[in-house]
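Colleague: Here it is, the structure in full.
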Amino acid sequence: MSIEVFDGPFSARAWQENVGDSLVETALRTGASDWNWHSHSWGVVFEVCFENEDDWDRFRQTLAVQIALDAVPDPVSGLIIYKGRGGSAGWVSSRKPKPLSGSGAAALPLPNVFDEAPDELYRLFTADVERRRLSVV
């Protein structure tokens, strides 16, 4: 369940600081299992999770919630209440990766040259070989 509060004559952040603790306390007393505040450039969102809709209805009917909702910065058009995640929220579950597009989009593993190389080539790169300086004439 989500309560979105938009800025008005005063900021929604100030509203959250004034009534946020009482909303969280009331939510926990009426059976909330999780809650979260989200701040945006346009206001704040209070997301709260209840086990069933009866708990949500009990939460909405409490005096503390009614007083908090009456005190929003813009009471005419600055309050949206959802029975679910807010309108600006993303998906609850993570998205699945998209399939690769186009031919050759996925890199193939490079062959291991040293596994197929003869022993002489391998000996060139070992520490047993004497190192000599080359001078350019």
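Here, each number is a calculation from the coordinates, and none is a lab measurement. This structure is a prediction, so every number in the text was calculated from the model and none was measured. Here Cβ is always computed from backbone atoms with ideal geometry, including for glycine, and neighbour counts include all displayed protein chains.
Colleague: Can you give the charge dipole size of region 2-82 about its Cα centre, rounded to the nearest 20 debye, using +1 on the beta carbon of Lys and Arg and -1 on the beta carbon of Asp and Glu?
Modeller: I would put it at about 180 debye.
Colleague: Here's a follow-up. Once the Cα atoms of region 2-82 are picked out, what are the Rg and Dmax in Å?
Modeller: 11.9, 35
Colleague: Could I ask something else about it? All other residues with a Cβ under 14 Å from the Cβ of THR30 taken together, and with Lys, Arg as +1 and Asp, Glu as -1, what is their net charge?
Modeller: -4
Colleague: Non-local amide H neighbours of PHE50 (under 5 Å, H modeled in plane, Pro and chain starts lacking H): which ones?
Modeller: For PHE50, whose amide H was placed from the backbone, the distant partners under 5 Å are SER33.
Colleague: Projected onto the charge dipole of region 2-82 (+1 at Lys/Arg Cβ, -1 at Asp/Glu Cβ, origin at the Cα centre), which of THR62, SER33, PHE10 gives the Cα projection farthest towards the positive end?
Modeller: Positive-most Cα among the choices belongs to PHE10.
Colleague: Please compute the net charge surrounding VAL19, taking Lys and Arg as +1 and Asp and Glu as -1 over other residues with Cβ under 12 Å from its Cβ.
Modeller: So the environment of VAL19 carries a net charge of -3.
Colleague: Which order do the peptides 45-52, 58-65 come out in when sorted by mean C-beta neighbours inside 10 angstrom, highest first?
Modeller: 45-52, 58-65
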